[in-house]
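All remarks here apply to the structure that follows.
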Amino acid sequence: MDQQWNATYQNNIIPALRRLRKVQGVILGFHSVIDGIKRVKSDEIETILNANLDLKQSVQEKIYAMPTEIFSPADMMAGLLISIKSGKSYRMVIRDEVTFRWILETFGYDQLKLGGTSGCMANSLAPLDLQKILVYTNPLTQQLLELFGENDNLYVVSQVDENIQLRHPHKAWQHKGIEAIHWGFEFAQGTTIQLDKITLIAPRASRFYPCWNPVNEKLLLSPSFKKGVLHFINQFSHFIVSGYQLLSPNYPDGTTCIDYMLSTLSYLNELKVVRPTLKLHFECDTIPVDAIRYGIRKHVLPQMDSMGLNEVELDYFIKDMHGQTLNQLDQENSVEYYFGGLVELATKSGLERIHLHNFDYYICLTKRSQRTSPKRTRQAMMLSAVIAAQRAETGSVGNKTTFNSAKAISISEEGLAQMAALAKHISAPSNFMKTGIAECNDYNVIFLPTKIVSDPVSTVGLGDTISSIAFLSE
Ligand code: ADP
């Protein structure tokens, strides 16, 4: 089976790669940000705590009642210690500027990287020789824009007086400074923090993510971006939407995440009126806030042509649709469970295409009334799997996509086993194990066992890469 699928991969990625390079232009909105990576060690944390005993006292109280957002240095330190103690990654929004400055001065960063779904996708797609990639960035600071690649297919909207242009990010910055940063505080397994009465020891390596991004907390799109994209929309065929995780459920002025979600959607609608063929894809992220997920299901998905997500994100939506609580998200679920969830989510929201990427396999459902053939969808999925495997293996984002470099990476056996289970579950046609293609209700089902690198150099951002390549090269 492995050999047979290898041959199918080999014969199918080139047409998808050709299509990817012919895509007229893609817009990536609405989330690019600076990621600040900081490796923290026990002595650095203990020194900060021991230099300020009031802070230490307050942190010791707060680690037993975890704050949900960061309003003070003590909230931030408590979040970091809770993350260390549990070995789990936590994301917390910083709500207070003085605290943001305190973290910047006290910890700083070791390295700045481009982050945010749109930013990561831009740097991941640019080396693949797409014709034109326009990415949303706000604010246009030198520190953020210099993190984009050199590739000359990358653009941002730049406005000087009344003159709106598309320019390379490196040429479009308007001022200097760090106005938003999403930190990743990395700590090693065994990191030990001695407090007055207890000792905290990290059971495994993980990260703590405090985020400061007040400029984008309501996802109010910059006026020059809105004007520029409307002006140049005929140069673009695809729009990949993301970033709703930046919203808060409620704001002090009485507004809610739904208000701002609706305003981005009404803008996308304006674009569709001018450019009806523009294809919209929503890329999901882990969104722990119930109200935002609800808004996505109710308002965002019905307006999208396509959606991409991983198994944890799908599980959130399945639990929401079934009115269950989210306290058991770590468990692995069966392919039958995920498949049922995909069909339900696609049917309820009217999506024409939904693409799940999981470790050992991908499943894509496409509406049968659509003109895209399942074989074409499968080609696009294979291309995304090959590029993901190459990147996992080398850790680099090169543009040399040939099948040969991924030939030696084996097809996941677990993926093939899950495929057999799904075949039985949906009474798939007898050749399903060879083709991965079946039908269910109004949808084509395309199942792909993927190529898995056993000792990956890096897997950061692979999910976004998989979703965007598969969507664009279909
Ligand atoms: P991110 O949020 O970093 O984009 P996700 O968890 O959404 O990541 O997706 C990561 C995806 O990368 C997995 O679903 C899987 O398909 C792929 N992947 C992860 N590890 C490997 C690996 N070792 N070899 C090939 N593909 C991998």
Looking at (1) open to solvent by 40 Å² or more (accessible area, probe 1.4 Å); (2) assigned to a loop (DSSP other than H, G, I, E, B), can you tell me which one Ile287 breaks?
(1)
Please count how many residues of segment 415-443 are in contact (Cβ under 8 Å) with a residue 24 or more places away in the chain, of a type outside the set (Phe, Trp, Tyr) and in contact with a strand residue (DSSP E or B) (Cβ under 8 Å, 6 or more places away or on another chain).
11
Quick one: which of Glu150, Glu105 is of a type outside the set (A, V, I, L, M, F, W, C) and part of a helix (DSSP H, G or I)?
Glu105
Consider segment 417-474. How many of its residues are β-branched (Val, Ile, Thr), in a strand (DSSP E or B) and within 16 Å of the ligand (Cβ to nearest atom)?
1
Taking Phe317 as the residue in question, decide whether it is of a type in the set (Phe, Trp, Tyr), under 18 Å from the mean Cα position of the chain (by Cα) and not in a helix (DSSP H, G or I).
no
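One line per residue, one yes/no per condition, for (1) open to solvent by 20 Å² or more (accessible area, probe 1.4 Å); (2) in contact (Cβ under 8 Å) with a residue 12 or more places away in the chain:
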residue	(1), (2)
Leu53	yes, no
Val59	no, yes
Ala65	yes, no
Ser86	yes, yes
Arg95	yes, yes
Ile103	no, yes
Gly116	no, yes
Gly119	no, yes
Ala126	no, yes
If Ile387 satisfies all but one of (1) β-branched (Val, Ile, Thr); (2) open to solvent by less than 40 Å² (accessible area, probe 1.4 Å); (3) within 16 Å of the ligand (Cβ to nearest atom); (4) part of a loop (DSSP other than H, G, I, E, B), what's the number of the condition it fails?
(4)
Could you tell me which of the residues Tyr294, Tyr337, Tyr260 is among the hydroxyl-bearing types (Ser, Thr, Tyr), surrounded by 19 or more Cβ atoms within 10 Å (Cβ to Cβ), more than 14 Å from the ligand (Cβ to nearest atom) and more than 25 Å from Tyr9 (Cβ to Cβ)?
Tyr260
From the list Leu49, Leu20, pick out the single residue that is over 22 Å from the mean Cα position of the chain (by Cα) and assigned to a helix (DSSP H, G or I).
Leu49
Criterion first (open to solvent by less than 10 Å² (accessible area, probe 1.4 Å), touching an Asp or Glu at 6+ places or on another chain (Cβ under 7 Å), in a strand (DSSP E or B) and more than 9 Å from the ligand (Cβ to nearest atom)) does Thr377 satisfy it?
no
Of everything in segment 192-208, what is surrounded by fewer than 17 Cβ atoms within 10 Å (Cβ to Cβ) and of a type in the set (Ser, Thr, Tyr)? Give them in sequence order.
Thr192, Thr199
Only listed residue being outside any loop (DSSP other than H, G, I, E, B) and of a type in the set (Lys, Arg), chosen from Lys226, Lys218
Lys226
Kindly indicate whether Ala7 is in a loop (DSSP other than H, G, I, E, B), of a type in the set (A, V, I, L, M) and open to solvent by 40 Å² or more (accessible area, probe 1.4 Å).
no
Kindly evaluate Tyr244 against the criterion of being under 18 Å from the mean Cα position of the chain (by Cα) and either of a type in the set (Ser, Thr, Tyr) or at pLDDT 95 or above (or both).
yes
Looking at this structure, is Thr347 under 16 Å from His281 (Cβ atoms), among the polar types (S, T, N, Q) and either at pLDDT 95 or above or within 15 Å of the ligand (Cβ to nearest atom) (or both)?
no
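The values are calculated or read from the model by the stated rules, or taken from the named source; none is laboratory data. Predicted model, so just to flag it, every value in this text is computed and none were measured. Note: ideal-geometry Cβ built from the backbone for every residue, glycine included; neighbour counts use all protein chains shown. Surface accessibility is based on the protein's heavy atoms, side chains included, excluding ligands, DNA and RNA. Shrake-Rupley method; radii C 1.70, N 1.55, O 1.52, S 1.80 Å.
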